[in-house]
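Report on the structure given below.
Every number here is computed from the coordinates shown, using simple stated rules; none is lab data. Please read these numbers as outputs of a predicted model, since none were measured by experiment. Using ideal geometry, Cβ is built from the backbone for each residue, glycine included, and neighbour counts are taken over all protein chains shown.
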Amino acid sequence: MIAEVKKSAEQKMQKSIESLRAELSKVRTGRAHTGLLDHVTIDYYGNHVPLGQVANLSLSDSRTITVQPWEKKLVGAVEKAIRDADLGLNPSTFGETIRVPMPSLTEERRRELIKVVRNEAENARIAVRNIRRDANAHLKEMMKSKQINEDDERRGQDEIQKLTDHFIQEIDKTLQAKEMDLLAV
């Protein structure tokens with residue numbers, strides 16, 4: 001019984017970490033990566049389609065993303081979609097290829113991005129603590145309904161606290177790595 005509660009809490013905490021990493025990957029550093037354009041959508045025959053489904057995305061160097069639409073007539077639409085995506089990117093077209101250079105980050109912008117990253121990490125910590133609270137409440141319910149005794153409940157709470165500490169530490173490591181990435185010139 002306690003193992004099920006612990007396993008469920010661990011899975012939810014792991015999802016919180018994965019969600020944090022996904023959010024942090026969207027925060028732009030000075031380097032280019034194709035994940036920046038994942039949420040850009042193109043109007044393709046009346047449907048809004050992700051950019052990755054109508055074009056090849058690749059890196060031509062560490063600061064430039066290359067986008068090659070599969071159809072010639074999409075070049076203008078792709079360029080417009082990237083420009084309108086509010087990412088601060090300014091694509092330029094060379095024939096059928098669109099180059100998206102990464103502008104260098106100013107010191108002020110880096111500080112703003114670090115605040116955003118720290119806020120995301122704090123949200124992840126809160127999510128992990130809420131999962132701990134729910135798991136502990138579930139253990140208390142099990143004790144009240146006489147499914148487990150007090151010692152088992154205490155042991156279960158200790159295990160869940162260790163799990164929480166582990167995931168909070170994981171969040172801190174992820175945050176620290178992203179901050180170092182943002183501060184690298």
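Mean separation of Cα pairs under 8 Å and 6+ residues apart, divided by the residue count of the chain: what relative contact order is that in percent?
26 percent
Under a 5 Å amide H to amide H cut-off, with H placed in plane at 1.01 Å, what residues pair with Tyr44 once short-range neighbours are removed?
Here Val49 satisfy the definition.
Treating cross-link reach as a plain straight distance, find the lysines whose alpha-carbon is under 19 Å from the alpha-carbon of Lys15, omitting any fewer than eight places away in the same chain.
The reachable lysines, counting only those whose Cα sits under 19 Å from Lys15, are Lys6, Lys7, Lys26, Lys162, Lys173, Lys178.
How much mean residue ellipticity at 222 nm does the chain get from its helices, if each DSSP H run of length 4 or more adds -39500 (n - 2.57) and you divide by all residues, to the nearest 500 deg cm²/dmol?
For the chain, the value works out to -20500 deg cm²/dmol.
Expressed as a whole percent, how much of the Cα-Cα distance distribution for segment 82-185 exceeds 22 Å?
Of all Cα-Cα distances in segment 82-185, 58 percent exceed 22 Å.
At a Cα cut-off below 27 Å, give the lysines reachable from Lys72, other chains included and same-chain residues fewer than 8 away excluded.
Cα-Cα hits under 27 Å: Lys80.
When the Cα atoms of segment 34-101 are enclosed in a convex hull and the volume is divided per residue, what value in Å³ results?
Enclosed volume per residue, from the Cα hull, is 75 Å³.
So which trypsin sites (Lys or Arg not before Pro) in segment 1-70 pass both tests, a DSSP loop state and at most 13 other Cβ atoms within 10 Å of the Cβ?
Loop-located and lightly packed - Arg31.
So how many Å³ per residue does the convex hull of the Cα atoms of the chain work out to?
Taking the convex hull of the Cα positions in the chain, it is 136 Å³ per residue.
What's the magnitude of the charge dipole for the chain around its Cα centre, counting Lys and Arg as +1 and Asp and Glu as -1 at the beta-carbon? Answer in Debye, nearest 20.
140 debye
For an R0 of 35 angstrom, estimate the FRET efficiency from the Cβ-Cβ distance between Arg110 and Asp152 and round to the nearest 0.05.
Given R0 = 35 Å and the Cβ-Cβ separation, E is 0.10.
Can you find, among Thr174, Asn136, Thr164, the residue sitting farthest towards the positive end of the charge dipole of segment 124-185, where Lys and Arg contribute +1 and Asp and Glu -1 at Cβ?
Result: Asn136, furthest along the dipole toward the positive end.
Note the per residue figure in Å³ for the convex hull of the C-alpha positions in segment 127-181.
Each residue corresponds to 48 Å³ of Cα convex hull volume.
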